[in-house]
Amino acid sequence: MKVARFSRIGFILAAAGSAVGLGNIWKFPYMTGENGGGAFVLIYLLTITLIGLSLFIAEVILGKEGRNDAVSTFETLAPRNKYIWKYSGFMIFTGVLILAFYTVVIGWIIKYVVSSVISLPTTVKEAGDAFGAMVTTDATSQFIYFNIAFFITIFIVTKGIKKGIEKVNLILMPMLILILLALFFYAITLDGFSEAVSFLFVPDWSKVTDTTILKAVGHAFFTLSLGMGTIMTYAASLPKESNVLRASASVALIDTAIALIAGLVIFSFLFNAGAEPSAGPGLVFISLPPVFADFGSLGNIFGVAFFVALGFAGITSAVSIVEPTILYLTSRFNYSRIKSLFIIGLLTYILGVMALLSNVKEYAQYVTFGGKGTFDILDFASSSVLLPLGGIVIAIFVGYVLPREKTYSMLKAYMNDTIFSLWYFSIRYLVPFAVLAVMINKIFF
Ligand code: PFF
């Protein structure tokens, strides 16, 4: 199987484009708001530093060495018992679950691009009512915008890694960062800023439960695109001379910085308006539009620019969510890119429509299972179960199945012996045991 190669900066842009997405700007702030603020953020930051970064490096070296889909890479690199690794194929399908609800949210964002042109709500209350009405009653427009989001994603994926993904990222990532920074500098001038800083960075441990911990850990996986072979798949296209450590650290840093900046912006605006942080998945749609409205017609332009950039951040991630499954189907079953995309697309489409309807009052009962709607089930199953599980499998492979000398030889060009030992410790002990403990704690206690 021959995979196309990125340019050196192309890989970092694509991996950052994958990592930076709705997870940072839509999900991180609302989860922080729902889970009590600082303590959640601290657990998330600790997980990124101690577990996420090590696993990211592990996925990059596997991808770079294997140059193939995730499952084939496990099989070719495993010194013995190769057949076991076909069971790691479960991680290839995590993406379908994520993409389904992810596309629904990109659909909401596209709808907000359009409504930012027309009119912006002037208060948080008005914005909240509008968002609530869209999600719980307006199945038709959600369905239309879901379709737009879905077909844009599919279209870019048909173009492949180099022409599609690398090009799109080159323009859109810098644009998103610029808009976010502009909002950030404005947020600093607001009274709500200091409240936002203490909400995000002063932990209140009384708010922490086993669910909070699992959610923070799961979100660290989600935000760095770990645990389902996405980074492995992109690294299969890594140019030979790339510095694995520097590329991984840059992506983790950019991703974390963007999430924190987005959190500060959103909570500054929210506290400034005297609103509550626990609005749930509507948070970004509720907190920002009234701020844009303050700027009069200039605000409409800000609104459009923000939601366009957010939509693009979502699309570059959505494309990366599909890629591991595409590479898996094309390389193992010899399917064409189009046929693979058709299969993935069909599954995603069905699940996406179910997810969308599960929030709409009229239809929710048909797509609710065990008291939980499809949207929430997909989110929970992917972030809190499948991604961490995928991470554990990858860590076991790199830490226990591959011989130490082999891993050392893959990394020695980029790190000294002390850093290697720290990394190896994290992969062998921290990742599998800490993540497993968090999962077991949640499920059984
Ligand atoms: N990291 C993306 C985000 O934060 O929005 C979501 C994601 C992309 C998760 C790719 C998993 C993945 F493989």
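The values are calculated or read from the model by the stated rules, or taken from the named source; none is laboratory data. Here the structure is a predicted model, which means the values were calculated and not measured. A quick note on method: Cβ atoms are made from the backbone with ideal geometry, for glycine too, and the neighbour counts reach across all protein chains shown. Ligands, DNA and RNA are excluded from the accessible area calculation, which covers all protein heavy atoms including side chains. Shrake-Rupley method; radii C 1.70, N 1.55, O 1.52, S 1.80 Å.
Its DSSP H runs of at least 4 residues, each contributing -39,500 (n - 2.57), put the calculated 222 nm mean residue ellipticity of the chain at -22500 deg cm²/dmol, to the nearest 500. Among Leu200, Leu270, Leu42, which one moves the most in a GNM of the chain with springs linking Cα atoms closer than 10 Å? The residue that fluctuates most here is Leu42. The residue list Leu386, Tyr112, Thr230 was ranked by how far each Cα lies along the charge dipole of the chain toward its positive end, using unit charges on Cβ atoms, and Thr230 comes out on top. Sites listed here are trypsin sites (Lys or Arg not before Pro) in the range 80-118 whose DSSP assignment is loop and whose Cβ has at most 16 other Cβ atoms within 10 Å: Arg80.
Quick one: helix 53-66 against the long Cα principal axis of the chain, what's the angle to the nearest 10°, folded into 0 to 90? Once rounded, the angle reads 50 degrees. Springs join every pair of Cα atoms under 10 Å in this Gaussian network model of the chain, and among Phe380, Phe28, Phe221 the largest mean-square fluctuation is at Phe380.
Please name which of Leu341, Leu176, Phe375 has its Cα lying farthest along the dipole of the chain towards the positive end, using unit charges on Cβ (Lys, Arg +1; Asp, Glu -1) and the Cα centre as origin. The residue sitting farthest along the positive end of the dipole is Leu341. Under a model in which nothing but the beta-carbon of Lys, Arg (+1) and Asp, Glu (-1) is charged, the chain shows a dipole of about 1860 debye around its Cα centre. When the square roots of the Cα gyration tensor eigenvalues are ordered a ≥ b ≥ c, the ratio a/c for the range 305-445 is 1.5 or more and a/b exceeds b/c, which makes its shape prolate. Stretching the chain fully between Tyr366 and Asp210 yields a gain of 53.1 nm (0.36 nm per residue, less the alpha carbon separation). Here the extension length gained between Leu253 and Leu346 equals 30.0 nm, from 0.36 nm per residue of separation less the Cα-Cα distance. Axis angle, to the nearest 10 degrees, between helix 337-358 and the longest C-alpha principal axis of the chain: 40 degrees. Springs join every pair of Cα atoms under 10 Å in this Gaussian network model of the chain, and among Phe433, Phe285, Phe397 the largest mean-square fluctuation is at Phe433. Look at the alpha carbon pairs under 8 Å that are at least 6 residues apart: their mean separation over the length of the chain gives a relative contact order of 35 percent. If one takes the longest principal axis of the Cα atoms in the chain, at what angle in degrees, from 0 to 90 and to the nearest 10, does the Cα axis of helix 435-444 lie? In the chain, helix 435-444 runs at an angle near 60 degrees to the longest axis. Cross-link reach is defined here as a Cα-Cα straight distance under 21 Å, omitting same-chain residues fewer than 8 places apart; for Lys82 the lysines meeting it are Lys64, Lys406. Computed over protein heavy atoms with a 1.4 Å probe, the carbon and sulfur contribution to the accessible area of the chain reaches 68%. At full extension, Thr123 and Asp191 could sit 22.8 nm farther apart than now, given 0.36 nm per residue minus the alpha carbon distance. 3J(HN,Hα) along the range 204-210, derived from phi through the Karplus expression 6.51 cos²θ - 1.76 cosθ + 1.60 where θ = phi - 60°, amounts to 10, 5, 5, 8, 8, 10, 4 Hz, with x in place of Gly and Pro. Here's the list of lysines a cross-link from Lys215 could span, going by alpha-carbon distance under 27 Å and ignoring same-chain residues fewer than 8 apart: Lys27, Lys207, Lys361, Lys372, Lys442. In the chain, the convex hull through the Cα atoms has an average projected area of 20.2 nm², a quarter of its surface area. Hydrodynamic analysis of the range 1-137 uses the Kirkwood radius over alpha carbon pairs. Inserted into Stokes-Einstein at 25 °C and 0.890 mPa s, it gives a translational diffusion coefficient of 130 µm²/s.
Using a probe of 1.4 angstrom and keeping all protein chains present, the accessible surface of the chain works out to 39 square angstrom per residue. Straight-line reach from Lys167: taking Cα to Cα under 17 Å and skipping same-chain neighbours fewer than 8 places apart, the lysines in range are Lys159.
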